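What follows is a single structure, written as structure tokens, with notes after it.
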Amino acid sequence: MIKTVVGLLLSVLSLAVVADNEQFCSQRGQPRFAQSHVADEVNRLSFVNAGGLFNGGVCWWHSRFTRNAAYVANFQPHEAKPSLAQARRIIHAIRLGTAIVDVPGYSDLQTFSIDFHNEIQAKLNEWQVVEGDWMRGLAGRTSEAPDRLASRMDELYQRVVVNQELVYQKLQLPGITSHAWLVIHMVRESNGYLLTVADSNSLTLNTRRYTRGSTQMMYGDKGFVPYIEFQDELRSLEQVVRNHCR
């Protein structure tokens, strides 16, 4: 009798895992999946940009971790929650983004990151130091010729709206500062574009406007030029999903 009950429970759990995986692949096959996914706050980190070298933040890695999770994190709420050691391995695997990562006991990134805030923050800090890509924040212009900036924004619209990509942008601000965000959506206006972005400095989505003919966009009272970056990383994430769901 006990063996029968145990067998039934295992069968139910197995079916639940299969259902989770089928849902995972079905969702990722939908148009604009990644953009729509990250637009929902439950699929973003529960905390804003902080920490990092000289306490200057980890916005680049915060944004990239969020995008990685959108593609490779397979949440399985029917399973038992992970131990601290298991959670650390899950976080590292999401950071790598080279394979689908099962996240047992949770239904979304927000709740997972509430429970493992410190561990995720530590991984973002480590990622920044190990990768050293913060040096790329020293390169880039803070203003651009109007026609060149217009060309950049037209390319962004092509990628976001036509190609339906979840685009990472570096924002080159004055001095040695640079920021980053994920572009969720764009609307063409008569004199430019309205962007909807997931900005690691905020828990809610934000809108930013580009006006055709300008030499820069504005972040608060600071002007900047946006650069599309880490497109190779996006291609890798897309390939990981294709390999898993074929």
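A few points about this structure:
- Every residue from region 96-120 that is in contact with a Phe, Trp or Tyr (Cβ under 8 Å, 6 or more places away or on another chain), over 18 Å from Val48 (Cβ atoms) and open to solvent by less than 50 Å² (accessible area, probe 1.4 Å): Gly97, Ile100, Val103, Tyr106
- Being aliphatic (A, V, I, L, M), over 25 Å from Met186 (Cα atoms) and outside any helix (DSSP H, G or I) is a description that applies to Ala99.
- Whichever residue in region 18-56 is within 20 Å of Val241 (Cα to Cα) and at pLDDT below 90 and, among such residues, is most open to solvent (accessible area, probe 1.4 Å): Val18
- Residue check, Gly175 of a type in the set (Gly, Ala, Ser), assigned to a loop (DSSP other than H, G, I, E, B) and open to solvent by 50 Å² or more (accessible area, probe 1.4 Å): yes
- Output for region 202-246, where each listed residue is of a type in the set (Ser, Thr, Tyr), more than 30 Å from Ala99 (Cα to Cα) and outside any strand (DSSP E or B): Ser214, Thr215
- Selection count where residues are free of Cβ contacts under 8 Å to residues at least 60 places away in the same chain and within 13 Å of Asn68 (Cβ to Cβ), scope region 97-107: 2
- Qualifying residues in region 206-246 (those that are in contact (Cβ under 8 Å) with a residue 60 or more places away in the chain and over 19 Å from Lys170 (Cβ atoms)) - the one most open to solvent (accessible area, probe 1.4 Å): Arg212
- Selection from region 121-169 of residues that are among the hydrophobic types (A, V, I, L, M, F, W, C), open to solvent by 20 Å² or more (accessible area, probe 1.4 Å), outside any helix (DSSP H, G or I) and modelled with pLDDT of 95 or more: Ala145
- Residue in region 80-93 that is open to solvent by less than 60 Å² (accessible area, probe 1.4 Å), closer than 16 Å to Glu233 by Cβ and not aromatic (Phe, Trp, Tyr) present: yes
- Tally, over region 89-124, of residues that are among the basic types (Lys, Arg) and touching a Pro at 6+ places or on another chain (Cβ under 9 Å): 1
- Within region 48-63, residues that are β-branched (Val, Ile, Thr) reach partners that are part of a helix (DSSP H, G or I) and open to solvent by less than 60 Å² (accessible area, probe 1.4 Å) with beta carbons closer than 6 Å, at six or more positions or on different chains, in the pairs Val58/Leu124; Val58/Gln128.
- Close pairs from region 108-129: first without any contact (Cβ under 8 Å) to a residue 40 or more places away in the chain, partner surrounded by fewer than 20 Cβ atoms within 10 Å (Cβ to Cβ), Cβ under 6 Å, at least 6 apart: Glu119/Arg88
The values are calculated or read from the model by the stated rules, or taken from the named source; none is laboratory data. Since the structure is predicted, the reported quantities are computational estimates derived from the model, not experimental observations. All Cβ positions, even for glycine, are placed from backbone atoms using ideal geometry, and neighbour counts span all protein chains on display. Calculation scope for accessible area: heavy atoms of the full protein, side chains included, ligands and nucleic acids excluded. Shrake-Rupley method; radii C 1.70, N 1.55, O 1.52, S 1.80 Å.
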